[in-house]
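The next block holds one structure in the form of structure tokens; read it before the comments.
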Amino acid sequence: MLSARSLPRLLCLPHAGGSAVMFSPWRSRFADRATVTPVELPGHGGRRTEPLVQDTGELVARLAGELTATTDGPYVLYGHSFGALVAFELAHRLAGSAAGAPLALVVSGRNAPSVPHPRAPLHDAPTDELLRGLRTLQGTLPAVDRNPELLEIFLPPLRADLRMAETYRRPELPPLSCPVQVVAGDLDPLVDDAGLAGWQQETVGPCRVERVRGGHMMLDSPALHRCLDELFALVAR
């Protein structure tokens, strides 16, 4: 087993409206593989008193500055859904910083950055319509649905992230040099085989695409965890 000092960091980017706390179970799950470091976005979770960011380029620039100052060794980037886009752009930004290039980029629940969002926008939809759309992705909690006070906290960061995800346009960027691992549920309505295959154009390194059992929300998926275990085993060797 790798020593704690030599473990790579796993920098985790959440889906739209998500927060760093979602990755808390991963700290123990991957304790002998990596130092799990959830990335909290401004205006979310533990940073909810900060202003929300609604421009992807501005968000990535800000996070890159923060991560460059705190990432002092090998690291892997992971992002789910909207977080996959943020992780993708961070991989480019950090490669040109003191942090250096990631060991690998792992993404789930999102077609390649060059593929437009496949559904009608929800970021500016009425609340009932927005919540109905999220339920099809297992994306809300019953307690939030029924509690106006929780909704008041939950909706602004969700809408801000959805705006960036749904209107995203890939900037002009060269291919990455690191390996890319892509994972998606076989019942996920937001991805398709052609869109997932598009990730292969985003790196000159190896790209592996794996469809696993499940829908869109998959942070607790044993198949995703297995993919990460295999990646960390390769890193250790």
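None of the figures in this text is laboratory data; all of them are computed from the coordinates on show. Remember, predicted model here, so these are calculated numbers, not experimental data. Methodologically, a virtual Cβ is constructed for each residue, glycine included, from the backbone with ideal geometry; neighbour enumeration extends over all protein chains shown.
Using Cα pairs closer than 8 Å and at least 6 residues apart in sequence, work out the relative contact order for the chain, in percent.
About 20 percent, as a whole number.
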Quick note, the range 13-77: a/c under 1.5 would make it rounded; otherwise a/b > b/c is prolate and the rest oblate (a ≥ b ≥ c, C-alpha gyration tensor); here it is oblate
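Given axes a ≥ b ≥ c from the Cα gyration tensor, I'd like to know whether the chain is rounded (a/c under 1.5), prolate (a/b larger than b/c) or oblate.
Rounded, since a/c falls under 1.5.
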Plugging the Cβ-Cβ distance of Val21 and Val204 into 1/(1 + (r/R0)^6) at R0 = 30 Å yields, to the nearest 0.05, a FRET efficiency of 0.25
Gly214 neighbourhood, Cβ < 15 Å, K/R = +1, D/E = -1, net charge 0
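Need the full-extension length gain, His225 to Ala120, defined as separation in residues times 0.36 nm minus the C-alpha distance. One decimal, nm.
Separation in residues times 0.36 nm, less the Cα-Cα distance, equals 34.7 nm.
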Expressed in nanometres to one decimal, the distance between label points 7 Å along Cα→Cβ at Gln54 and Glu149 is 2.7
For the chain, the dipole about the Cα centre with charges only on Cβ (Lys and Arg +1, Asp and Glu -1), to the nearest 20 debye, works out at 520
With +1 on the Cβ of every Lys and Arg and -1 on the Cβ of every Asp and Glu, the dipole magnitude of the range 1-135 about its Cα centre, in debye rounded to the nearest 20, is 460
Of 187-194, 40-47, ordering from highest average Cβ density within 10 Å down gives 40-47, 187-194
Rounded to the nearest 500, the 222 nm mean residue ellipticity computed for the chain from DSSP H runs (n ≥ 4, each -39500 (n - 2.57)) alone is -11000 deg cm²/dmol
The simple spin-label model distance between Asp32 and Ala194, using points 7 Å out along Cα→Cβ, in nm, is 4.5
Within the under-13-Å Cβ sphere about His80, not counting His80, Lys/Arg +1 and Asp/Glu -1 give a net charge of -2
Taking Lys and Arg as +1 and Asp and Glu as -1, residues besides Leu10 with C-beta under 10 Å from its C-beta add up to +3
